[in-house]
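Inspection log for the structure reproduced underneath, given as structure tokens.
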Amino acid sequence: MRVLPVGDDALLVEVSSGEEARALHTELLRRRAEGALSVREIVPAARTVLLDGLTDPARLATELTTSEVPPAPPRARETVELPVRYDGPDLADVAAHWGVSPEEVARIHADTEFSVAFCGFAPGFGYLTGLPQRYDVPRRATPRTSVPAGAVALAGPYTGVYPRSSPGGWQLIGSTDTVLWDHTRVPAALLSPGTRVRFVPVGSS
């Protein structure tokens, strides 16, 4: 674990894996809920956790580097199901990369239980993990200037769903009509770190 100061009242904690980041995030949320930690924001990422709005960052930095973080407990959240049409323009390329048929890509993806490791890139965008490492895929050599909202995509070890139209270089394997981000909804984001997700195949449009 490495703890880096960020400005006057924030810390960036670097760890060696996504699972360690999840464990640290869980432990920090527990401490804040119990009143043992005063912090405004706790933001997990792939291998880091950012703590912003600390009253005594130097003291916490010392505590973190000298204490042991317990493993994160099993996730108990309700599973979010996302209907998906496996109709993406990169489905055939992903199938070739995996060495299977496009239909098998859809089956493997839909049979996987995902979890949101962290959020970023755009409001409502969750980085979902769950596929075995052998199914990692590279980003496109040339990113698209516009990816439609609801596009289900793969890049590296992650699956993601574009919450709005934006440029993007992920491999598009499907689409969903589910709204990932709605500022009138509470909470606005459908997905948050720790949420379990399953993709449910529906007919192509």
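Across all directions, the average flat footprint of the convex hull enclosing the Cα atoms of segment 1-95 is 9.0 nm². Of all the options THR176, THR145, THR79, the one that moves most in a Gaussian network model of the chain with Cα springs shorter than 10 angstrom is THR145. Solvent exposure of the chain amounts to 52 Å² per residue of accessible area, where only protein heavy atoms count and the probe is 1.4 Å. Between SER17 and GLU103, the contour length at 0.36 nm per residue exceeds the alpha carbon distance by 27.8 nm.
Among THR159, THR178, the order of accessible area from largest down is THR178, THR159, computed with a 1.4 Å probe on protein heavy atoms. A simple spin-label model places pseudo-atoms 7 Å from Cα toward Cβ; at THR142 and ARG31 they are separated by 4.9 nm. Full extension of the segment from GLU81 to ASP177, taken as 0.36 nm per residue of separation minus the current Cα-Cα distance, would add 33.4 nm. Each residue of segment 45-53 was assigned a 3J(HN,Hα) from its phi angle through the Karplus expression (A = 6.51, B = -1.76, C = 1.60, θ = phi - 60°), giving 9, 4, 9, 9, 9, 9, 10, 10, x Hz with x at Gly and Pro.
Here the Karplus relation 6.51 cos²θ - 1.76 cosθ + 1.60, evaluated at θ = phi - 60°, turns the backbone of segment 121-132 into coupling constants of 6, 8, x, x, 8, x, 8, 9, 10, x, 6, x Hz, with x for every Gly and Pro. Rolling a 1.4 Å probe across all protein chains gives VAL6 an accessible area of roughly 60 Å².
Ignoring ligands, DNA and RNA, what percent of the accessible area of the chain is carbon or sulfur (1.4 Å)? Of the solvent-accessible surface of the chain, carbon and sulfur hold 53 percent. Report the longest stretch of the chain that contains none of the trypsin sites (Lys or Arg not before Pro) sitting in a DSSP loop with at most 13 other Cβ atoms within 10 Å. The reported range is 78-184.
Each residue was assigned an accessible area with a 1.4 Å probe, and for SER146 the value is about 70 Å².
Multiplying each eigenvalue of the alpha-carbon gyration tensor of the chain by 5 and taking the square root yields semi-axes of 34, 17, 16 Å, largest first, rounded to whole angstroms. By the helix-only formula, in which each DSSP H run with n ≥ 4 contributes -39500 (n - 2.57) and the sum is divided by residues, the chain has a 222 nm mean residue ellipticity of -6500 deg cm²/dmol.
Pairs of Cα atoms nearer than 8 Å and 6+ residues apart set the relative contact order; for the chain it is 22 percent. In this simple spin-label approximation, ARG185 and ALA46 carry label points 7 Å from Cα along the Cα→Cβ vector, and these lie 2.7 nm apart.
Shape index of segment 111-205: Rg/Rh, with Rg the Cα radius of gyration and Rh the Kirkwood radius from the inverse mean 1/r over Cα pairs, equals 0.94.
The values are calculated or read from the model by the stated rules, or taken from the named source; none is laboratory data. If you're wondering where the values come from, they're calculated on a predicted model, not measured in any experiment. Note: ideal-geometry Cβ built from the backbone for every residue, glycine included; neighbour counts use all protein chains shown. Remember, those area values only see protein heavy atoms, side chains included, never the ligands or the DNA or RNA. Shrake-Rupley method; radii C 1.70, N 1.55, O 1.52, S 1.80 Å.
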